[in-house]
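Have a look at the structure below, then the notes.
Rule-based calculations on the coordinates, nothing more; no lab input. In this text the structure is predicted, and so the values were computed from the model without any measurement. In this analysis, Cβ positions are derived from the backbone assuming ideal geometry, glycine residues included, and neighbour counts consider all displayed protein chains.
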Amino acid sequence: MNEPRGRRTRSGWLMLAFVEIAVVIMIGLVFYYQNQDEALVVYCAHDAVFSEKILKQFEQKTGIKVEPRFDTEATKSLGLTNLIIREKDHPRCDVFWNNQALGTAALKEQGLLASYQGPGFQRIPAEFKDPEGYWTGFAARLRVYIANTDSYELSYENVAETLTGPLERVAIAKPLYGTTLSHFTILCDAWGLEKLQEWYQSLLDRGIQVTSGNSSVKNLVATDACLLGYTDTDDYFVAVDAGQPVTALPVLVEEKALLIPNSVAIIKGTKRQKQAEALVDYLLSAEVELELSQSQSRQIPLGEVDWDQVPEDVQKFHPYVKQAYPLSDLVKQRTLTLDWLKSEYLK
């Protein structure tokens, strides 16, 4: 028996509607996965509050979509470095924006980075980049002594005297992570591992307070729980902006300042090489270094910039760029230092 015409028409419309919906869903999925595939994946250890704005500006200027992955843990730099190592057989990351350089340099030794020497690479001094272009530093923090001005007159003479006595009112971050690990790596290079170990044990024996991070050091000094501490300029400026009674003096090793730059590198095997190169050049530009110098963290430009646009409280650290301890060949020392610290803290 023939089906009534009206029912057949309704069935046809239902089938057509079903097909159209399926097609729309399929097209949407195709565009979704295409966009996911086209996005430049950036692992970023720099604070999201500052870096996300810069990455969005890059998207707007170039039309290149960026998919950032941030890690907000205290161990974020080391954590993202280890993640890249774990993913080496199937890398997801295209560009690594690290908040320091030595962990990035270690990735080169494992064959995980691609060389690129674009215009951004050319404007950065040799002390802050890999000579073969596998990573490049920019926009640095400076390791400093921080002191409470209500209780302590900060000078190199007073620091030297303080550090020879009891240290219950002196603070340092756990050196297993972050810029304190970079600090210890430089000391390993300058002194040798044995002397570094003896020095740190002496600090511990005399009661130095070992905290969870540089911001904790800053808090102890700013509240006068400690007279003196080791921290970075970005944490020091947080205290300054809060109106707390602090001052800072650069830490010197063999008369050289310890500048800890951000670094950027392209992950070997990326399928988005040109997009990755564009982001690297943007991050290494004078525009970005100036913007980071004007941010709350007050990063110190390493390449040539118009220093009249740099805040005055950052300008005073400009001379230390030419007085910086070279970071281009410290991978072996970092490995020695990290292995020793792991044996101490990860027992």
Next item on the list: Please give the length that would be gained between residue 52 and residue 224 if that part of the chain were fully extended, namely 0.36 nm times their separation in residues minus their C-alpha to C-alpha distance (nm, one decimal).
Entry: 58.5 nm
Next item on the list: For the chain, give the share of DSSP beta bridges that are antiparallel, in percent and rounded to the nearest 5; count only bridges with both residues there.
Entry: 65
Check: Hey, what did the chain get for relative contact order, percent, Cα under 8 Å, at least 6 apart?
Finding: 24
Check: Looking only at Cα atoms, what is the convex hull volume of segment 157-273 per residue, in Å³?
Finding: 143
Notebook entry, point to check: Tell me, in nm to one decimal, what length is gained between residue 306 and residue 89 on full extension, where the rule is 0.36 nm per residue of separation less the Cα-Cα distance?
Noted result: 73.8 nm
Margin query: Given R₀ = 22 Å, what would the calculated FRET efficiency be for residue 252 paired with residue 195, taking r from the Cβ atoms and rounding to 0.05?
Written below: 0.85
Next item on the list: Would you look at the GNM of the chain, springs on alpha carbons closer than 10 Å, and say which of 233, 247, 223 moves the most?
Entry: 223
Note to self: Multiplying the sequence separation of residue 160 and residue 71 by 0.36 nm and subtracting their Cα-Cα distance, what value in nm do you get?
What the structure shows: 28.4 nm
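Which of the GluC sites (Glu not before Pro) found in segment 252-347 are loop residues per DSSP with 12 or fewer other Cβ atoms within 10 Å of their Cβ? Mind showing how you got there, number by number?
Values: sites: 254, 255, 277, 287, 289, 291, 304, 312, 344; in loops: 254, 255, 304.
Sparse-neighbourhood loop GluC sites (Glu not before Pro): 254, 255, 304.
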Notebook entry, point to check: Taking Cα pairs under 8 Å and at least six residues apart, what relative contact order does segment 142-257 come out at, in percent?
Noted result: 47
Checklist line | Residues 321, 264, 221, sorted so that the one with the fewest Cβ neighbours within 10 Å comes first | finding: 321, 264, 221
Note to self: My understanding is that a pair violates if its Cα-Cα distance is over 26 Å; which of 195/347; 61/218; 274/322; 65/88 do that in this structure?
What the structure shows: 61/218; 274/322
Notebook entry, point to check: Over what distance in Å are the Cα centres of segment 75-153 and segment 197-262 separated?
Noted result: 21
Margin query: Report for segment 115-271 the percent antiparallel among DSSP-assigned beta bridges with both residues inside it, nearest 5.
Written below: 80
Note to self: Using Cβ counts within 10 Å as a stand-in for footprinting exposure, how do 340, 135 rank, fewest first?
What the structure shows: 340, 135
Checklist line | segment 271-347: C-alpha gyration tensor shape, a/c 1.5 cut-off, then a/b vs b/c | finding: oblate
Item checked: Distance (nanometres) between label positions extended 7 Å along Cα→Cβ at residue 296 and residue 274 -> 3.9
Next item on the list: Give, rounded to the nearest 20 debye, the magnitude of the charge dipole that segment 57-211 has about its Cα centre when Lys and Arg contribute +1 at Cβ and Asp and Glu contribute -1 at Cβ.
Entry: 540
Next item on the list: May I ask which residue of 252, 223, 184 lies farthest towards the positive end of the charge dipole of segment 142-257, with charges of +1 (Lys, Arg) and -1 (Asp, Glu) on Cβ and the Cα centre as origin?
Entry: 184
Next item on the list: Please report 104, 185 as a ranked list, fewest other C-beta atoms within 10 angstrom at the top and most at the bottom.
Entry: 185, 104
Margin query: Rounded to the nearest 20 debye, what is the charge dipole size of the chain about its Cα centre when +1 sits on each Lys and Arg Cβ and -1 on each Asp and Glu Cβ?
Written below: 1780
Next item on the list: First check a/c for segment 205-347, with a ≥ b ≥ c the square roots of the eigenvalues of its C-alpha gyration tensor; if it is under 1.5, answer rounded, and if not, answer prolate when a/b is larger than b/c or oblate otherwise.
Entry: oblate
Note to self: I need the fraction of alpha carbon pairs in the chain separated by more than 29 Å, rounded to a whole percent.
What the structure shows: 44
